[in-house]
Amino acid sequence: MHMSADISHPKVSGDAVILPDMELGEGKHVFVSYVREDDTQVDELCAVLEAAQIPYWRDRKSLGPGDAWKSEIRKAIQSGSLVFLACFSDNSRAKDVSHMNEELTLAVDEYRKRPPGRPWFIPVRFDAGDIPDWDLGAGRQLGDLNYVDLFGKSYATSAASLVTTVHNVMGEKRLSPAAALEVVENAHIAERVDMLKQLTKEMLVDPARRIELDELIAQEVQRVLAMLKDGERVSGPLGKTDDERVDRLASESEKLWEQVEPFCASLQVAARWGDPDSLTPWANGLRSFVQAATKPEGGISALVDLRHLPGMIGLMTAGIASISSRRWANLKTLVVDPSIRDRYESRPLALVEATDFYKPFDDQNWTSNTLARAAKEGVSFTEAYKDFIERRVGKFHTPVAEWLYIILQPIFADQLPDEDTYAAEFDRAEVMLGVLAQDLQNVRKDASTDDRRWNWTRSSWFGRSTWRASHSYGNPVSDFRHELATEGRHWSPLNAQLFGGEEARASAALENYGENFEQLAKQCSF
């Protein structure tokens, strides 16, 4: 259990803390050993235990030195502790003499009496320093035990793993729904990404936890929707100068991405490993995001348009995850089957035709170019924008896709670990989304009596694959055409009932999309 992660929790109050409102039987608490200088980190650890409804014992100022203190400590360790957490840091390592050392001596004696193989003594690190060399007997050292790293980016995941281990020791099989929700709720966005991904992996394969998983996803969806419905977020002014305007739009775009990132991390797991019947929470979430972006909203139009970002990013995530794992039925469930009502359309729109790369931005690509360059080079929005204005760098051919390519790559690190594979699957995903959108437009056109309206209609899912095709990095349109020609009606997307399961529809969509794709690729070659 070597686990590695900052959770924002309320401070734990009280003395000699054993959780109130919980029946604490003999041998039913966690003993937390630490030095005073680590109070803040221990407060956060105890908040995690409390959120998970785990009783714990922690000495505070009311327990002074002397025989009474020693007696209480000895009793808490020897008679009452189900798990002993020894918290180490540079602060504890710097002390030659401390009450923690005495607690460790008692804990080692207790550990030697216990049967091997049962978790009881668990070292916790608050930094990357070494575990002290305490002799546990029988040739074992304290550093030989599995330890928990409660620092760095994976704090939340490590904390959840610790809680799960403690629950197992206490006879619990897993985190309770309330505990899991509380831990995730209290995590910062960056930590919720790892937490949601890990919990999705654990719960997706366990039918008994499906309600809990649905609640977790619904919670993330509500976070995003609350931001999309925030009237103050779309209010002006944008700024007096062009650089102020771009900085505001880029900053709002980044905030929206940060808010939807945990949902996308969970979606990547679900689309890859789930089946269509299990994907309802994510499909509903995507539908809610896209629908929210189409509702009339007062405010600055450029800010209002950014509401398309969560849905568009979510669809691209679903596309990459499903297509790279050849889960075509999952792709249909997530991006084609869900539909929304648009006030300008008489019939519902499938999600893949209701949003695309170009819906969020209306400022000649300045915001999307700034986002892409800032993400690629690790510079501020101001610096990125200035580089373009002062002509130190040229604009991207497809800036929205470039930005998505960069920000989504960490989510797919476990699925597509090398750059070339990720780039190729990203291309395939954006092209397939485009071809599916084109197919739905074709169907709509065939059912319409107004031919003039449909003369100019085309899919807008064109991104990095256009310029990459023009520079000989591969052409997914040609690849899909070849697959369809070779496999015919047995082509996997048709087996999943994409394109209505009709070979002719798939061929027509590829032909129509391909014509526009080739034109754009030629433009990108100059």
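The values are calculated or read from the model by the stated rules, or taken from the named source; none is laboratory data. The structure displayed is predicted, hence computed values, not measured ones. All Cβ positions, glycine included, derive from the backbone under ideal geometry; neighbour counts span all protein chains shown. Please note that ligands, DNA and RNA were not included when accessible areas were found on the heavy atoms of the full protein model with its side chains. Shrake-Rupley method; radii C 1.70, N 1.55, O 1.52, S 1.80 Å.
Odds and ends about this structure:
- Odd one out for residue 393, checked against (1) surrounded by fewer than 22 Cβ atoms within 10 Å (Cβ to Cβ); (2) among the β-branched types (Val, Ile, Thr); (3) under 15 Å from residue 518 (Cα atoms): (3)
- Residue check, residue 83 modelled with pLDDT of 90 or more and within 23 Å of residue 152 (Cβ to Cβ): no
- Of the set (1) under 15 Å from residue 317 (Cα atoms); (2) outside any helix (DSSP H, G or I); (3) open to solvent by 70 Å² or more (accessible area, probe 1.4 Å), all apply to residue 410 but (2).
- Annotation: of all residues in region 508-526 being open to solvent by 60 Å² or more (accessible area, probe 1.4 Å) and in a helix (DSSP H, G or I), the one that is nearest to residue 432 (Cα to Cα) is 511.
- Enumeration of residues in region 284-300 that are more than 21 Å from the chain's Cα centre (by Cα), open to solvent by 40 Å² or more (accessible area, probe 1.4 Å) and of a type in the set (S, T, N, Q): 291
- Here residue 253 meets each of (1) closer than 24 Å to residue 400 by Cβ; (2) over 12 Å from the mean Cα position of the chain (by Cα); (3) open to solvent by 50 Å² or more (accessible area, probe 1.4 Å) with one exception, condition (3).
- Per the listing 322, 339, the residue uniquely open to solvent by 30 Å² or more (accessible area, probe 1.4 Å) and on the phi < 0 side of the Ramachandran plot is 339.
- The single condition among (1) more than 26 Å from residue 133 (Cβ to Cβ); (2) at pLDDT 80 or above that residue 91 does not meet is (1).
- Residues of region 228-239 satisfying the condition of being more than 15 Å from residue 291 (Cβ to Cβ) and not basic (Lys, Arg): 230, 231, 232, 234, 235, 236, 237, 238, 239
- Among the candidates 242, 247, residue that is closer than 25 Å to residue 389 by Cβ, over 16 Å from the mean Cα position of the chain (by Cα) and crowded, with 16+ Cβ neighbours inside 10 Å: 247
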